[in-house]
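The values are calculated or read from the model by the stated rules, or taken from the named source; none is laboratory data. From a predicted model like this one, the values you see are computed outputs, not experimental measurements. All Cβ positions, even for glycine, are placed from backbone atoms using ideal geometry, and neighbour counts span all protein chains on display. Protein only, heavy atoms only, side chains kept; ligands, DNA and RNA dropped before computing areas. Shrake-Rupley method; radii C 1.70, N 1.55, O 1.52, S 1.80 Å.
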Amino acid sequence: MKLQQLRYLCAIAKNQLNISAAAESLFTSQPGVSKQVRLLEDELGVELFNRNGKHLTHITPVGRHIIARAEAILREVRNIQILAEEFRDDARGTLSIATTHTQARYALPPIIKTFRARYPEVVLQLHQGSPTQIAEMAASGAVDFAIATEAIEEFHDLVMMPCYLWNRCALVPQGHPLTGSTPLTIEALARHPLVTYVFGFTGRSQLDEAFKAARLHPEVAFTATDADVIKTYVRIGLGVGIIARMAWDAEADRDLVALDASHLFAPNTTKIGFRRGTFLRQFQYDFIQLFAPHLTAQVVQTAEASESQEALDELFASLELPEY
């Protein structure tokens, strides 16, 4: 049994049993992958995949167990490589982060600027996606850290830690009728078409729950994943924008009025997380603490030792998070 065979096996499972796609992802040939999988099956004495001619149709029951073990072995191999890198040069490497547009555009720039000044030899990679995509990338090991608000609790292999709370504001053009509503009420807001985030992005679920609790059914005229796109459509009069407060820039958005909506909707918690069992390098601990100062290396290590998300939540239950 060879590590390369295990890599081929996991790549096939990850690419929906498409051997050509698996080979392409590993920069090798399709016949070579097929041959090595057959050799592994012969060595183990079991079939890992059911076949219809040359095509794989599904993973066998024993194949599912073996692939799970192979994935765990490959994770440990990666941890060994990272450990060696740490001792060779603790200030050089790669840090990959998956996050949403709002975090990448508004929360992360000052953190990344400081981090780059501290670790100029670390290559930073930033991936944007939906919260589910972000969590999937972290859970599969495609990125080091996931930073998101929604959908991340579904992935039990991730150690997710709270960073800060954020609230919303309503955006309207200068002279809009809502500028005379102080304080803003949810009933007044519901009388106007809304322009806000796609469901599953940036706390949209809390927004819907607040209107539902008030027995209101506002018209959602337009949705987007990007706060800057939402602001564009507010400017052309499509409706009232509801965005994360951090996404409003008093200078760049001076043609728009931001109305406080923190009393209308429950605050959201942004979390940072990584796959359980990952060996973290010193510069990775430092990045986490730059983003959330209360998450020291010791706190992160305690969090990883927690056996479940419930235990993690209990660990941070008494923590008073900063507000963005």
GluC sites (Glu not before Pro) within region 209-295, DSSP loop, no more than 14 other Cβ atoms inside 10 Å: GLU219, GLU251
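With every protein chain kept in the model, how would you rank HIS101, HIS217 by accessible area, 1.4 Å probe, largest at the top?
Listed by decreasing accessible area, they come as HIS217, HIS101.
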Whole-number accessible area per residue in Å² for the chain, which is evaluated in the context of all protein chains at 1.4 Å: 51
Hz values of 3J(HN,Hα) by residue in region 297-310 - Karplus curve (6.51, -1.76, 1.60), Gly and Pro given as x: 4, 5, 5, 4, 5, 5, 4, 5, 6, 5, 8, 7, 5, 5
Surface share of carbon and sulfur [accessible, 1.4 angstrom probe, percent] for region 258-324: 49
Amide H partners (placed H, <5 Å) of LEU158, local residues excluded: ARG276
Extension gain (nm, one decimal) between ASN50 and LYS113, 0.36 nm per residue minus Cα-Cα: 17.6 nm
Long-range amide H partners of GLU150 with built H, under 5 Å: THR202, GLY203
Cα gyration tensor category, rounded, prolate or oblate, for region 93-195 with a/c compared to 1.5: prolate
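Quick one: compute the contact order of region 177-324, relative version, from alpha carbon pairs under 8 angstrom and 6+ residues apart, as a percent.
Numbers: 124 pairs, mean separation 31.0, N = 148.
Worked out over region 177-324, it gives 21 percent.
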Relative contact order [Cα under 8 Å, 6+ residues apart], region 106-193, whole percent: 15
Accessible carbon and sulfur surface of region 160-213 relative to its total accessible area, %, 1.4 Å: 58
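Taking 0.36 nm per residue of sequence separation and subtracting the Cα-Cα distance, how much length would be gained by fully extending the chain between ARG191 and ALA266, in nm to one decimal?
On the way: separation 75, 0.36 × 75 = 27.00 nm, distance 2.03 nm.
The span from ARG191 to ALA266 would gain 25.0 nm if fully extended.
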Principal axes of the chain: Cα extent on each, largest first, Å: 76, 47, 35
Convex hull volume per residue for region 233-324, taking Cα atoms only, in Å³: 159
Rel. contact order, % - alpha carbon contacts under 8 angstrom, at least six apart, the chain: 19
Inter-part distance where region 236-298 and region 116-152 are each reduced to a Cα centre, Å: 14
The chain: angle of helix 61-88 to the longest principal axis, Cα-based, in degrees nearest 10: 80
For SER96, residues with placed amide H under 5 Å, excluding near neighbours: GLN125, ASP144, PHE145
Potential lengthening between GLU310 and HIS58 on full extension [0.36 nm per residue; Cα-Cα distance subtracted]: 87.3 nm
Degrees between helix 3-14 axis and first principal axis of the chain (Cα, 0 to 90, nearest 10): 40
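When the accessible area of region 1-152 is computed with all protein chains present and a 1.4 Å probe, what percentage of it is carbon and sulfur? Could the numbers behind the result be given before it?
On the way: 4350 of 8310 Å².
Carbon and sulfur together cover 52 percent of it.
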